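K.L.:
Before we start, here is the structure in question, set down as structure tokens.
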Amino acid sequence: MSTDPADVPRVSRREFDALFAAVRTWGRWDPADRGAWNRVTPGHVRRAAALVRDGTPVALGRPWDTRPGPDNPRPALHHMTDLGDVEPPEPSAHKDFLGADYHGKAVSHLDALSHIAYRGELYGGVPARGAVGAGGVRFGSVAALGPLVTRGVLLDLPAVLGTGWLEPRRAVRAGDVLAAERELGARIDEGCAVLLRTGRFRRRRELGPWDLDAASAGFHVDAVPLLAERGIGLLGSDGDGDLRPSPVEGLHSPVHTLAITAMGVPLLDNLDLEGLSAACAAAGRHEFLLVVTPLDVPGGTGSPVNPVAVL
């Protein structure tokens, strides 16, 4: 894995379109707007529950971030709406307001299937122009997904490489995924959630924030066919999963496009995986029960979320 964009294999749009067609799962499931979450059966849930051994829960969402910075140009909002001085006494009530433009680099969130269109189409070939409007979306809403309980696998690349983090611009390729499986003893299989740790938040704490749109570690598109072949149900990262700068000509988020629009795989972005890394190292295993419960937002393209892993 190189930090030099010149060393990262470039991908033409023609090559990308061929890859898109190769991993596409359109027409496979009903309901279509749950996409790859349809893969997760009660049997998958029971198998995931059997992974709980010592009962250690680890929250993966990061703190609600109201401070502006290079990786948070649109900070989340939090202010008090009731200080206990506007109602009859006893008991006093204290209330607050939360709001966020959560699709970005700061808020831990889930991307639903309506979040990304390619060549004017959402997952399944649904025309984006007819499905997306000012009032929300009519296909691929986060409300269609519901909760997910499945087996999670942590691809802890810094642990495999013996480093604190992957430097921005490092590409995680198919060979790196296979090497991580072997080293960590956790194989990716059908219906599972794959979480990629790049060490972003450890680097941020030690060196400070930076603009992840300009440079971030993430999956190269050549890793996606392997994930598609294994039949994953969910893909997540402590970034947004995409390598930046993008290796694909004229396309800024190719992994988002392949996962969401071609494969029907929702994404988890901006997870804090540092606690999970430590817990997995202590337990000597990198598979666990994962619970994801997005907000039920009719017409929403995603949701802030605080997933929980249980070892």
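K.L.:
Calculate the FRET efficiency for HIS94 and THR41 from the Cβ-Cβ distance with a Förster distance of 41 Å, rounded to the nearest 0.05.
P.N.:
After rounding, the FRET efficiency stands at 0.40.
K.L.:
Over all distinct Cα pairs, what is the inverse of the mean 1/r for the stretch 170-283, reported as the Kirkwood hydrodynamic radius in Å?
P.N.:
For the stretch 170-283, the Kirkwood estimate is 14.5 Å.
K.L.:
Rounded if a/c is under 1.5, else prolate if a/b beats b/c, else oblate: with a ≥ b ≥ c from the C-alpha gyration tensor eigenvalues square-rooted, which is the stretch 49-109?
P.N.:
Oblate.
K.L.:
Something else about it: Determine how many Å³ per residue the convex hull of the Cα atoms of the chain encloses.
P.N.:
Dividing the Cα hull volume of the chain by its residues yields 155 Å³.
K.L.:
Test of understanding: express the Cα radius of gyration of the stretch 1-154 as a ratio to 2.2 N^0.38 Å, with N the residue count.
P.N.:
Normalised Cα radius of gyration, the stretch 1-154: 1.44.
K.L.:
Still on this structure, please answer the following. Out of the total accessible area of the chain (probe 1.4 Å, heavy atoms of protein only), what percent is carbon and sulfur?
P.N.:
On the chain, the fraction of accessible area on carbon and sulfur atoms equals 53 percent.
K.L.:
Which of ALA117, ALA134, ALA100 moves most in a GNM of the chain, Cα contacts under 10 Å?
P.N.:
Its mean-square fluctuation being the largest, the pick is ALA134.
K.L.:
Would you compute, from DSSP H runs of 4+ residues alone, the mean residue ellipticity of the chain at 222 nm, taking -39500 (n - 2.57) per run and dividing by the full residue count, rounded to the nearest 500?
P.N.:
After summing the helix terms and dividing by the residues of the chain, the value is -5500 deg cm²/dmol.
K.L.:
When the dipole is taken about the Cα centre of the chain, and only Lys, Arg (+1) and Asp, Glu (-1) are charged at their Cβ, what size is it in debye, to the nearest 20?
P.N.:
Using Cβ point charges on Lys, Arg, Asp and Glu, the chain gives about 760 debye.
K.L.:
Taking N as the number of residues in the stretch 79-214, what is its alpha-carbon radius of gyration divided by 2.2 N^0.38 Å?
P.N.:
1.49
K.L.:
Enumerate the calculated ³J(HN,Hα) couplings along the stretch 105-113 in order (Karplus 6.51 cos²θ - 1.76 cosθ + 1.60, θ = phi - 60°), each rounded to whole Hz, writing x wherever the residue is Gly or Pro.
P.N.:
10, 10, 8, 5, 8, 9, 8, 7, 6
K.L.:
Could you sort 298-304, 233-239 so that the peptide with the highest average Cβ count within 10 Å comes first and the rest follow in order?
P.N.:
Averaged packing, sorted descending, gives the order 233-239, 298-304.
K.L.:
Could you give me D for the stretch 231-311, from Stokes-Einstein at 10 °C and 1.306 mPa s, where the hydrodynamic radius is the Kirkwood radius over C-alpha pairs? Units µm² s⁻¹, please.
P.N.:
110
K.L.:
Could you tell me the calculated FRET efficiency between THR81 and ASP296, based on Cβ-Cβ distance and R0 = 30 angstrom, to the nearest 0.05?
P.N.:
After rounding, the FRET efficiency stands at 0.85.
K.L.:
On alpha carbon coordinates alone, what is the Rg over Rh value for the stretch 64-152, Rh being the Kirkwood radius?
P.N.:
Computed over Cα atoms, the ratio is 1.13.
K.L.:
Work out the FRET efficiency for TRP64 and GLU206 from their Cβ-Cβ distance, taking R0 = 22 Å, and round it to the nearest 0.05.
P.N.:
0.50
K.L.:
Decide, for the stretch 20-82, between rounded, prolate and oblate: order the square roots of the alpha carbon gyration tensor eigenvalues as a ≥ b ≥ c, take rounded if a/c falls under 1.5, and otherwise choose prolate if a/b is larger than b/c, else oblate.
P.N.:
oblate
K.L.:
Roughly how many Å² is the accessible area per residue of the chain, as a whole number, for a 1.4 Å probe?
P.N.:
43
The values are calculated or read from the model by the stated rules, or taken from the named source; none is laboratory data. Nothing here was measured: the structure is a model prediction, and the numbers come from that model. Heads up, the Cβs are rebuilt from the backbone with ideal geometry, glycines too, and the neighbour counts pull from every protein chain shown. Areas reflect the complete protein model, heavy atoms only, side chains present, ligands, DNA and RNA absent. Shrake-Rupley method; radii C 1.70, N 1.55, O 1.52, S 1.80 Å.
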